[in-house]
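Quick note: the coordinates plus some simple rules give every number you see, no bench work behind them. Because the structure is a prediction, the values reported are computed rather than measured. Ideal geometry is used to build each Cβ from the backbone, glycine not excepted, and the neighbour counts take in all protein chains shown.
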Amino acid sequence: MWGRTRDRLAAALLAAAVLAVLGAVLLSLGGSAPAATGPPARSGASQVMALLDAHPAPAAHWALQAHLDTVSAVAPGWLTLDGGRGTFRYQTPDDATTRFAARGALVAPVLRDPAGHAGRLLRDGPVRRMLARRLASALAALGTQAVVLDFERVPSAARAAYPAFVRELRAALGSGGRIYVTVPAAVTRAELRAARGYDFRDLARPATLIVRAWDEHSSATDPGPVASLAFFRAAVRLAVRRAPRARVLIGVPTWGWTWTADGRAARATQAQLFPAARPRALLDPDGARLAGPEPGATSWVESDRSVQLKLLVARNAKVAGVALWVRGGESTRLWTQPLMAP
Amino acid sequence: MIRRLLPARGRPLPPADGPDRRWGWARRAAAWATGLIALPLSVLPFYLYGHYDRLGQLLALHMERTFSGPELATLGPAETAFFQRNTLGYRDGLVVLLFHGVMDGHSASGENPEDTTIATRRFGEDVQMLRAAGFNTVSVEQVDAWMHHGGSLPRNAVLMTFDDGRADAMLNAPPILSELGMGASVFLIGGGYPEAPVYYASPDLLRGLTHKGWSIQAHAVQGHQSVAAGDGRRLPYMAARRWADGQLETLDAFRARIRAELIASRDAARSMSGRPAVAYAWPFGAYGADSRTNDPRIEAIDLEEARAVFPLVFTVDDQETLALVTRATDPSRIPRLRVDPDWTALEFWRRLQLLIAATAPEVSRVG
């Protein structure tokens, strides 16, 4: 009688001990997840990339600081090609970006080519390979293995050389390397002709494409939406037709332009233009059109609604994510809506 | 009360060794104990002065270096192998490094509150890194020959420069560099030593360095100070027209002042080393090219005058976008990399790698 009771007691004690150990393990696991130093929670496979200027305005840093849990990658404009020999100018990491990286954001410096050196450079095999090596070393020195290649004017003659360069860079970066390549939103026949230098399919094998789905209207055109909904839809449709969806990020514009009567144009932020917009204009799916602020001036700006619709198009297209310019002055509503599918 | 303590009138005083003799040993012991305790305490002010006061630290350093050299920090084998394996190589190019002071502060890590003074241990680690990574130090004279007379530089050439000729740097850096077979150049403030003999290196110390392969070049005589520049502002001597008697000096007067200062600086460096001075470094890096000026024409005047006196002129411009020095670099605007005292050896190495990767005409692996 006593022996059976003792056995039961021992079994109960053993079970309690096992449960206590299990509970402690689970608690410790649960407790370690939201550690302050760990990377913030990311939404599934969706990516949200924040593009930054070389010297971002403090407002841009504050916005990112506040909403970094929504952003998976930060792309500061630190690198600029400065000649046909493959050398480039650089910026050293700023404190804010270093903090973002410490909080788990992937830092992917942008290599720009404002002077249009890329075409010549890509076609010169030895210089191109040298650039891949240089870039990999520079990225390592910057503490990252990721880069955004933002060559805006790749001529058709470099169509095969560009993917070759991306492959060479991928090899130089090693297994952890991540390459993003910006590609134009070619919608019209003229734009398609101008975009022949970009082999979307071939580029998307070693890299993720960022579709520059903006500049339907800009300083170089007449006044109009930065990216009308139809333009944006067409850009997304054409991109996913030519590259795997999982390899496509869609660039969503969050700014506006003001064209003055004398034909000049200047970029303006949502914060600058929203107060002057009529409530009804802000409901236009193509963005808000404003008269003024100067006599004869016209402004177009992406509204909360137009941005929301673009994000919906991107979500429905099931692409890998979106890329947003963060310059400061973006609408606060941008950050309170789901930027991509959870 | 007082009356009770005083001896009564007519009564003789007790002899000094009278009734108190039995307590004499206790008094003597107490005196010895007090002395023994007070002796170390008397050293305390000297210790605090030598430890926490800047001038005291310098005096202590002078004394310490009379008897022993600085301790050479060493890198671990893994770090050494990493630098050997991963450093990029360049040819026909140059990186110029700028240091000011080398001295331990009073913090646990030896770091200094000043942003121009690198801790001795960290300096040792930095030069060990340079050595392990395959950088080769060159002299200013070699750079002059390379830029102007078709000379050559070794692979991964680096020129180490020390501005001001400070005593801390000249006492700590040379033994460390000598240990590794490296040399450097000093940009001297002529006349600094007589005014602040503890702060600046003595002429004997500097002359001794020239026998060890160091080079003495020009930095300033009067020029390492600020001048009144109007509107209550004070701006660097070489970068601003001086405000006096209610007006700015004329451009001609400014030019004459600059020319005199450049020549005086050159002569001061030459008299110290006994060799011609071929290089000049702007005091505070200021020559009118940034906002520290009161006339946009000053930059052109400064450069023109400096070119007339020196074959090589060094700046500290564009720290964030610094490029490798090549033969194509303007010899009157040779950029230098200011080595941040807070950088670890790895951070310093990364900064050099970024510079080389981005701007060297040709790159390869050293290892």
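When both bridge partners sit in the protein assembly as shown, DSSP labels roughly 30% of those beta bridges antiparallel. The alpha carbon centroids of the range A:273-317 and the range A:209-232 are separated by 13 Å. Taking amide H atoms as placed 1.01 Å from N in the peptide plane, the amide H of B:R242 lies under 5 Å from those of B:E249, each 5 or more residues away in sequence or on another chain. For chain B, the dipole from Cβ point charges (+1 on Lys and Arg, -1 on Asp and Glu) about the Cα centre works out to 1780 debye, to the nearest 20.
For the range B:111-222, the Stokes-Einstein estimate of translational diffusion at 37 °C and a viscosity of 0.692 mPa s comes to 221 µm²/s, using the Kirkwood hydrodynamic radius over alpha-carbon pairs. The loop-placed trypsin sites (Lys or Arg not before Pro) in the range B:241-331, going by DSSP, that have at most 16 neighbouring Cβ atoms within 10 Å of their Cβ come out as B:R297, B:R327. Bridges between two residues of chain A, per DSSP, are antiparallel at a rate of about 35%.
Relative contact order of chain A, taken over Cα pairs closer than 8 Å and 6 or more residues apart, is 16 percent. Normalised by the number of residues in the range B:23-133, the average gap of Cα pairs under 8 Å and 6 or more apart makes the relative contact order 24 percent. Karplus-based coupling profile of the range A:117-123, in residue order and whole Hz: 7, 4, x, 5, 5, 5, 7, with θ = phi - 60° in 6.51 cos²θ - 1.76 cosθ + 1.60 and x standing for Gly or Pro. Each DSSP beta bridge with both residues in chain B is either parallel or antiparallel, and the antiparallel ones are about 25%. Give the angle, between 0 and 90 degrees and rounded to the nearest 10, that separates the Cα long axis of helix A:2-32 from the longest principal axis of the Cα atoms of chain A. Long axis of A:2-32 versus the principal axis of chain A: about 20 degrees. Between 0 and 90 degrees, the angle of helix A:58-67 with respect to the longest Cα principal axis of chain A falls at about 40 degrees. Computed from Cα atoms, the angle from the helix B:24-52 axis to the main principal axis of chain B rounds to 10 degrees.
Taking the charge dipole of chain B about its Cα centre, with +1 at Lys and Arg Cβ atoms and -1 at Asp and Glu Cβ atoms, the residue from B:T87, B:V198, B:N136 reaching farthest to the positive side is B:V198. Under the criterion of Cα pairs below 8 Å and six or more residues apart, the relative contact order for chain B equals 18 percent.
Helical content of chain A, expressed as a calculated mean residue ellipticity at 222 nm, amounts to -11500 deg cm²/dmol (DSSP H runs of 4 or more residues, -39,500 (n - 2.57) each, divided by residue number, nearest 500).
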